[in-house]
Amino acid sequence: MQTILIANPKGGSGKSTLATNLAGYFAWQGEQVMLGDLDRQQTSRHWLRLRPDNFPAVTGWDLKDREPARPPKGTTVAVLDSPAGLHGKKLDQALKVSNRVLVPVRAGFFDMWASEDFFRQLAEEKAVRKGEVKIAVVGMCVNPRTRSAQELDEFLSRFELPVLTHLREAQLYVQLQPKGLTLFDLPRPRNQRDYAEWQPIIDWLTA
């Protein structure tokens, strides 16, 4: 089972946008997909309940009283949406079950500063040092032609982490969330620009 952890200690960085859309992509590829939420509030379950039955299914955790949350039997891809402030023991536990980590970072110095310690924590994790877990960054709500995108790339280059792509700020994602839908549920020709922005992420995850 491939497990993809979406993590950033700062709230509002775009973790849920990445997580739900990746879940939608893999569901369209015929995978048995679980979207899990490491937050006790299980907010991803709200999105799952809104997902229409006529689209490829995405499931949530198997939740039973007094038992740990587990992926449903037969799951082939698990996407984990982590809460803000993930660190320490909880970060270590999440990395132990993950193959890949995607870190969404928004352009802007407050967001970059908030991510700096997190990148250092990741670098110190045993699974990361051994190469058992691969990490990459996605620029969120960024126009790659702007000075902000350049500043973000310059900041991230200090950590020797690949920046896969920049996802533009688009109302499309905001409009899809309350419908339980993703970019990958929409006709590709009408949204070619956004599909193209996601392709480097897909390539990295499926390489």
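The values are calculated or read from the model by the stated rules, or taken from the named source; none is laboratory data. All values reported here derive from a predicted model rather than from experimental measurement. Don't worry about glycine lacking a Cβ; one is built from the backbone with ideal geometry, like all the others, and counts go over all protein chains shown.
In segment 183-207, which residues are part of a loop (DSSP other than H, G, I, E, B) and crowded, with 16+ Cβ neighbours inside 10 Å?
none
Among the residues of segment 51-99, write down those that are at pLDDT below 85, over 13 Å from Asp39 (Cα atoms) and of a type in the set (Gly, Ala, Ser).
Gly88, the sole residue that qualifies.
Output the number of residues of segment 137-158 satisfying the condition of being buried (at least 17 other Cβ atoms within 10 Å of the Cβ) and farther than 18 Å from Gly12 by Cα.
So the answer is 2.
Here are the criteria: (1) farther than 30 Å from Asp111 by Cα; (2) surrounded by 14 or more Cβ atoms within 10 Å (Cβ to Cβ); (3) within 17 Å of the chain's Cα centre (by Cα). Tell me which single one Met1 does not satisfy.
If we test Met1 against (1) farther than 30 Å from Asp111 by Cα; (2) surrounded by 14 or more Cβ atoms within 10 Å (Cβ to Cβ); (3) within 17 Å of the chain's Cα centre (by Cα), just (2) comes out false.
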